[in-house]
Amino acid sequence: MPVRIGLLTEGGYPYVSGDARLWCDRLVRGLGQHEFDIYALSRSERQESEGWLELPPQVSRVRTAPLWSAEDDGVVHGRRARRRFGECYEELAAVLCAGDGQASDTAVTGPTELPAAASADVADRFANALYGLAELARDEGGLVTALRSERAVRALERACRAPGALRTAREARVPELLTVAAHLERALRPLSLDWYEDDALGSVDLCHATAGGTAALPGLLARHFAGVPLLVTEYGVQLRTHYLASADAPPAVRALLGAFHSRLAAEIYRRAALITPGNSHTRRWQERCGADRTKIRTVYPGMEASRFAEVGEEADRADADTLVWVGRIEPAKDLISLLHAFAEIRKEEPKARLRIVGAASGAEGEAYLGHCRALAAQLFPDEAEGVHAVGDNPVSFEEIGGPEAPTLAEAYAAGTVIVLSSVVEGFPIGLVEAMFCGRATVSTDVGAVVEVIGGTGLVVPPRNPRALAEACVSLLRDPERRERLGAAARARALELFTIEQNITAFHGIYLEIVSHSPIHRVVLDDAGDPLPFAAPAEGHVPGRWTGPRTGPTARVVARGGPRWAAGAPVRATTPLPATEAAR
Amino acid sequence: MSGLGELDRPGRPGGAGAWDAQSEEWLGGRGESETEGEAPGEPGTPTLARPLGGEELDDLGVPGEQGPARDVPGGVGVRDLSEGDSGERNPKQPLTPRTTPDQTPRKPAPTRRGAADPVKALMHRHRELCERAVDPLEIAAGLEAHGVTDRTAARFRHRDVFSLAEEMYARVPRDDAATPHPDAAAAQPPRAGWAVLALLPGVLCAATVTGLRLTDGRLRLTVAVVGVLAVALGVRLALGRGPLSTPPGTHAWRTPPGTRLWTYWLLAYALLGDGLLRAADDGGPDGLPTGATGGPWSPATAPVLALTLACAPAAWCAHHFAVRARRKLATSRGLEDFADSVQPLLLGTFALFLCALTALLALCGAVLGEPAAYAQALTLGALLLLARLLTVHGFTHAPTLALGAAAATEATALCLDFIGRLPGCGFLATPVETLMDSWGPGSIPALACGVAALILLFHTTRTLTRASAHAPADEPR
């Protein structure tokens, strides 16, 4: 059954410089049997001017909107619309200033009664305010002007000064109020888009948001206006990114915006049909933000396995006693610790060598690389085999593409043991690559490492050179164990981290969602009246039952009853002309 | 995917000092920190460096620290926290009693007791993060960026990072005194660019007037045309940068064409209108203005020269107003407070500009030997300044209306005066004639611009005192 998917992105696919564009591209190309409509929000003028990736034919339309510039439609609200806006915005501001009733204020005011009920109430109020603003934008337009107006700032000020407001919010001054209002205006820009009509997101079977936060907001509204189910995929938690990025802002701004983003995340998780985090770390954050456990399906990111196939399949041809570290050189990778560990290894295994493969990123990375080189030179003097040979340092710094390591796969192939020494790590791509290559690994217990390696490699605590050294020595001395672990790692990676796995998982999830939430469409007769029983109950069963319903008299409009039925009807079974598609 | 590392990298705290007396006291009895906080290979911070004697045990007792990790099938190579697993335990680290996680931190405890509080060590290490946080999730995000995982949290007897962050958030000493707000944003270094540009229209206009005085005939016509074009260009340049320019990148905030058109019309009237009316009064005009001062339709160059010269004080006033308003924005507590403090500032700036314009008018009149036409020029200058201020702050509707109304009034007066010559239509010209008879031809633009300026001034005191009008410019694109 072909499913029509509205793919929602923010600063991502189909832009050349977008985030996660590779994953989206593979997903769209891999699911050729479905139809994709892409709704992309661009993040900067530069991104927009850099253009799009080449799109496959299953993309039937692309609609874009800039997030970086507010399109002032010149609409000035009338008295009634202004009052409506004021009510919604005041409600929104009140919710943001109220705190979540359980975490923030307990320290000050003591435990609140019934925190669960209170937080559900707050969530409802937030949702009402959000959808109220969206409806206003849809009916009247002019939301951008209103969100920047003095009325909005005054509403924020009143909410901050109200009794029971957050302690930090109470301290908000005028500049902070203005910052919050500006940020809210920016965050709520998707509300002013014209994407929620029956000829746009209203006509898709399923919205797939490729990130949380702003990207999922159109999906939330499509669900509200047209009942389209929403699937949210998150490879990094937007809320967490927001917290880290806004660390320099004044406390009041952080408190209010943090409240906004966590409420928005909670609303997205509450309304989403399914949520697919990319790893268990993301999953924990989602659960923490109120996502229902039953709706969460972890879908690991897929990676290109074929380029490591050769290395992974063939026998170990690595140089004996060679440790390889591959990655981008930066302080979070803690190469210092690795060098100290290697010093310990050399005491046990004097022939051991360490190859550090990777390039430094940025000025900081360069400085760090220089520091590491100096330390390596200090710890390990050049040494030669005999009195007549030229000496060499057991630690070498190389880059991919150099004579020693022409490709990434070759770099991994050269290692007896692959080492990962990071202190901070998200999803360890390097580790997955090493697993694809069938290499035994020793990694530090950070980020998603344990989840990825799952017992097919050694894991040691971070910042512990001695533990790292002992783990490496034990592997260097035990070829059988190395082989066993490497084979297991490769099998595990092929099972969990391939592109095919990722695409198949999403295919299944699409079908699952569509089967659970069929779009109810009203079938109209010639006179434009609803035709009762025109769509039998079997029609909602997944798969085609009665062949295409393209009777000459049956016209179909999206669900919504007689009010919408008066509008221009669309056929549900034939695809709409791709007016916006510009490939 | 670890791009967040750039935002918040692991590292040691900036200083090793304690954050309060308790912390200091506790620091004294603390051994070496274990889980993280100091980069390996670097010496510990001096305060922390304390010999690890036999008695000063490390209560963290982090297992898994020593000995190789094991590959547990389906599990993790990290060793679990069971304290009984002392097979590979470092002999220097004897078994330590399990400590309760939630001791009351405020209780003045003896040193040994304080040392049994591992969360406090963590809080000390991340004290900036803790003091800054407005939300437990913020601490959780910050801790994770420093490499704290759920397994690290388990060493602090917590289920996950979130509950650890919650404890830390709850335990941070908070004084309810208002946190010091950062001072107003440092004043931007004055840029000479716009100051020079603001002088450009006046200089060009002065040059043109001089040229007109020195030439005659066809050459004078050429000079006049070139001069007008040059002055128009100069004004555009002067308004394109500096405090009189509209913020970049905002479509809606561009000067609407209507405003521009009415402004040109008003200036043209200031130059030629009075002369035309005077000529019409005498039965003329019999030809185009020649530019000579004593002619029948003499252009009023002194007010126009003064107005173009006034671009510089206008730019300075706008700059002054913007800077002071921003400063007030940073210091005022509420919106009402801000409005109350900006209103006198706005009126003062406006009065200052009027003074400067009066002085310029007097100067130009004296130099050129012409009547200075104070009433017309002052009202027009006031109107133009207010219109520009509003446009710069994003209010384009009202200036267009006000300028349009003033221009339309002037045009109507001219038309009525000429229509009144037609037979039977004499009554139409009566109001204009009355005005001219009692106060002279200058009363018409003075009235039109004056009323418009007054209305606009009232509007300005209501709109430009709003904080939203002074919101900082948009984020970069």
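Values computed for the structure shown
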item: Selection status of A:A487, surrounded by fewer than 19 Cβ atoms within 10 Å (Cβ to Cβ), away from chain B (no Cβ under 11 Å), of a type in the set (G, A, S) and farther than 24 Å from B:R155 by Cβ; result: yes
item: Residue in region A:275-292 that is buried (at least 24 other Cβ atoms within 10 Å of the Cβ), under 30 Å from A:C160 (Cα atoms) and at the interface with another protein chain (Cβ under 10 Å from one of its Cβ atoms) present; result: yes
item: Flag if A:V452 is within 14 Å of another protein chain (Cβ to nearest Cβ), buried (at least 24 other Cβ atoms within 10 Å of the Cβ), closer than 25 Å to A:Y235 by Cα and among the hydrophobic types (A, V, I, L, M, F, W, C); result: yes
item: Among residues of region A:231-246, those that are more than 9 Å from chain B (Cβ to nearest Cβ) and of a type in the set (V, I, T), counted; result: 2
item: Test result for A:L335, under 30 Å from A:W285 (Cα atoms), within 30 Å of the chain's Cα centre (by Cα) and of a type in the set (A, V, I, L, M); result: yes
item: Flag if B:L266 is part of a helix (DSSP H, G or I), buried (at least 23 other Cβ atoms within 10 Å of the Cβ) and modelled with pLDDT of 75 or more; result: yes
item: Enumeration of residues in region A:396-423 that are touching an Asp or Glu at 6+ places or on another chain (Cβ under 8 Å) and outside any loop (DSSP other than H, G, I, E, B); result: A:S396, A:E398, A:L408, A:A409, A:A411, A:Y412
item: Long-range neighbours under 6 Å by Cβ, at least six apart or interchain, first residue under 11 Å from A:C97 (Cβ atoms) and modelled with pLDDT of 85 or more within region A:148-166, second surrounded by fewer than 19 Cβ atoms within 10 Å (Cβ to Cβ) and polar (S, T, N, Q); result: none
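Residue by residue, here is whether (1) more than 11 Å from chain B (Cβ to nearest Cβ); (2) in contact (Cβ under 8 Å) with a residue 24 or more places away in the chain; (3) under 18 Å from A:Y269 (Cα atoms); (4) crowded, with 24+ Cβ neighbours inside 10 Å holds:
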{"residue": "A:L177", "(1), (2), (3), (4)": "no, yes, no, yes"}
{"residue": "A:Y196", "(1), (2), (3), (4)": "yes, yes, no, no"}
{"residue": "A:C207", "(1), (2), (3), (4)": "yes, yes, yes, yes"}
{"residue": "A:A222", "(1), (2), (3), (4)": "yes, yes, yes, yes"}
{"residue": "A:D248", "(1), (2), (3), (4)": "no, no, no, no"}
{"residue": "A:A252", "(1), (2), (3), (4)": "no, yes, no, yes"}
{"residue": "A:L256", "(1), (2), (3), (4)": "no, yes, no, yes"}
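The values are calculated or read from the model by the stated rules, or taken from the named source; none is laboratory data. As the structure is a computational prediction, the values presented were derived from the model and not from experiment. Neighbour counts are summed over all protein chains in view; Cβ atoms, including those assigned to glycine, are modelled from backbone coordinates with ideal geometry.
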